[in-house]
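Here is the structure we will look at.
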Amino acid sequence: MQNNQTISRKSYALPIAMMFALLFLIAFVTNLAGSMGVILKNQFETSNAVSQLGTFANFLAYAFMGVPAGIILKRKGYKFTSLLAIAVGIAGVGIQCLSGVAGSFAVYVAGAFVAGFSMCMLNVVAMPMLNTLGGGGNKGNSFIQFGNTFNSVGGTITPILVGYLVGDFATAQIADAYPAMYIAMGVFALAFVVIALNKIPEPHLQSAKEREDEKKQPKDKYSPLSFRHFVLGAIAIFFYVGIENGIPNTANLYISEVVNPAVAGSVIGVYWFLMMCGRFIGAAVGSFISSKNMLAGVATLGIILVLCALLVPDTAQINLFRAELPLSMLFIPLCGLATSVMFGGIFNLSTEGLGKYTPVASGIYMALVCGGGVIPVLQNYLADHFGAVQSYWIVVLCLLYILWYALSGCKNVNKNIPVD
């Protein structure tokens, strides 16, 4: 029996590898939208805020697709959902390529929006699919951790690659980023073929009878929104994903102008690399430190680092990557350590005690990821009017809310609601 299980698991080696590749692409394509802000600002002579509309469109798609993606997964299964997500991803990145040919800002934003639908669906399907392909338990969890590593690598590589492809801020064009887009579409295409040709287990696929039985069930008067700590946690997720992207995106624009995009990409690459390191550390100490204490600790660290960036003299300089940079930019990439484990901490605290409402709560969370597009636009609106460094006050406010949530807002005051 054990041998058969081993053979069965080995037969999923290619689909598992493709899931790793898709998790890499989730971060790669998402961070591509942020890195493209430098190109959009120069080519179309936009403000900082408008340059973030690609990121805004990418994350706005989550608000529309978060809940439907979960429904598609439940009714159509892993294979169908992943293939649909990949096809949409190829279309989205392809439209972004066409925007370079057309020289159209609107076409680029449309492509980023379409790509966002793909990223949302892939986020919904990738982790549970890896767990299933790994057979669940410790093996499935191990695959998920490996997948997170590939995701972090994708996030680290993108700004560095785009920065070096662009080279000079004053000549930046969408066409400069074509190699990165071709890589994304190539990996998407390979994953589509591999997943299409392999049989994928579907243990959670809902049958037609189950759907009919579900419709007959009386409507529950409660939902995840009935829980105060969940609602406050959903707001915290909105803020978290917003600052996770606003911190590097704003710095990328600022450093690209004061030095060059290559140096900016390297600095932002350090931010995403430190986020990966923080996840490893968080995984190592997670069994010894409560989610509440961990979240409070990293929120405090984030506030200290951003305040250091805000309060150091404007004239202070530091040499990084063979370039003279404002000292404030030393503290920004270090924020990757602070933001690394926030999502998991907020998720754990806000879904504690939800019981049967947890799956629906996860779908709502996926919709609230749209904060990753809203906050960067707001932050860069502030950058346009008060300066890039001073725009980080909005990050401080978001971190203060997350700290408050960890210390007080996460308490479940609705324990009277039945969750079995």
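Relative to the 2.2 N^0.38 Å rule of thumb, the stretch 356-420 has a C-alpha radius of gyration ratio of 1.54.
Computed with every protein chain present, the accessible area of Lys74 is close to 80 Å² [probe 1.4 Å]. With the highest mean first, a sort of the peptides 109-118, 278-287 on other beta-carbon atoms found within 10 angstrom per residue produces 109-118, 278-287.
When Val187, Val396 are compared by accessible area at a 1.4 angstrom probe, the order from most to least is Val187, Val396.
The Cβ shell under 13 Å around Val50 holds other residues with a net charge of -1, Lys and Arg each +1, Asp and Glu each -1. With the charge dipole of the chain set up from +1 on Lys and Arg Cβ and -1 on Asp and Glu Cβ about the Cα centre, the Cα lying farthest toward the positive end among the listed residues Gly282, Gly167, Trp393 is that of Gly282. Less than 5 angstrom separates the built amide H of Leu320 from those of Leu325, all sequence-distant by 5 or more or on a different chain. For the chain, the membrane-span-like helix rule (DSSP H, alpha carbon extent of at least 24 Å along the helix axis, mean Kyte-Doolittle at least 0.5) picks out 13-43, 53-102, 105-133, 178-197, 228-258, 261-285, 291-311; this says nothing about an actual membrane. Of the residues Thr171, Thr315, the one with the largest accessible area comes first in the ranking Thr315, Thr171, computed with a 1.4 Å probe on protein heavy atoms. One Cα centroid belongs to the stretch 303-359, the other to the stretch 37-51; the line between them spans 24 Å. Across all Cα pairs in the stretch 268-415, the calculated P(r) in 5 Å bins from zero up to the longest distance comes to 2, 9, 15, 19, 21, 15, 10, 6, 3, 1, 1, 0 percent per bin. Calculated accessible area for the chain comes out at 42 Å² per residue, all protein chains present (probe 1.4 Å; ligands, DNA, RNA ignored).
Near Asp168: Cβ cut-off under 12 Å, other residues only, Lys/Arg at +1 and Asp/Glu at -1. The net charge is -2. Overall, the chain carries a charge dipole of about 1580 debye about its Cα centre when +1 sits on the Cβ of Lys and Arg and -1 on the Cβ of Asp and Glu, all other atoms neutral. Only one item in (i) 124; (ii) 147; (iii) 170 matches volume of the Cα convex hull per residue in Å³ derived from the coordinates shown, and that item is (ii). Positive contributions from Lys and Arg (+1) and negative ones from Asp and Glu (-1), summed over other residues with Cβ under 13 Å from the Cβ of Gly233, come out at +2.
Calculated mean residue ellipticity, 222 nm, the chain: -26000 deg cm²/dmol, from DSSP H runs (n ≥ 4) at -39500 (n - 2.57) each, averaged per residue and rounded to 500.
Relative contact order, whole percent, for the chain stands at 25, derived from Cα pairs under 8 Å and 6 or more residues apart. Surface composition of the stretch 274-420: carbon plus sulfur atoms hold 69% of the accessible area, using a 1.4 angstrom probe and ignoring ligands, DNA and RNA. For the set Glu202, Glu244, Glu45, solvent exposure ranked by accessible area (probe 1.4 Å, protein chains only) runs largest to smallest as Glu45, Glu202, Glu244.
Ranked by the mean number of other Cβ atoms within 10 Å of their residues, highest first, the peptides 367-374, 316-323 come out as 367-374, 316-323.
Computed about its Cα centre, the charge dipole of the stretch 216-315 is approximately 720 debye, with only Lys, Arg, Asp and Glu carrying charge at their Cβ.
Residue ranges 349-357, 157-165 sort as 157-165, 349-357 when ordered by packing (mean number of other C-beta atoms within 10 Å per residue, highest first). Across the cross-link table entries Lys356/Lys415; Lys79/Lys219; Lys76/Lys221; Lys219/Lys411; Lys221/Lys415; Lys292/Lys415, which are compared at the Cα atoms, the separations over 22 Å belong to Lys79/Lys219; Lys76/Lys221; Lys219/Lys411. The distance separating the Cα centre of the stretch 55-113 from that of the stretch 247-264 comes to 27 Å.
The values are calculated or read from the model by the stated rules, or taken from the named source; none is laboratory data. Owing to the predicted nature of the structure, the values given are computational and were not obtained by experimental measurement. Quick reminder, even Gly has a Cβ in these numbers, built from the backbone with ideal geometry, and neighbours come from all protein chains shown. These accessible areas exclude ligands, DNA and RNA; they are computed on the full protein's heavy atoms, side chains included. Shrake-Rupley method; radii C 1.70, N 1.55, O 1.52, S 1.80 Å.
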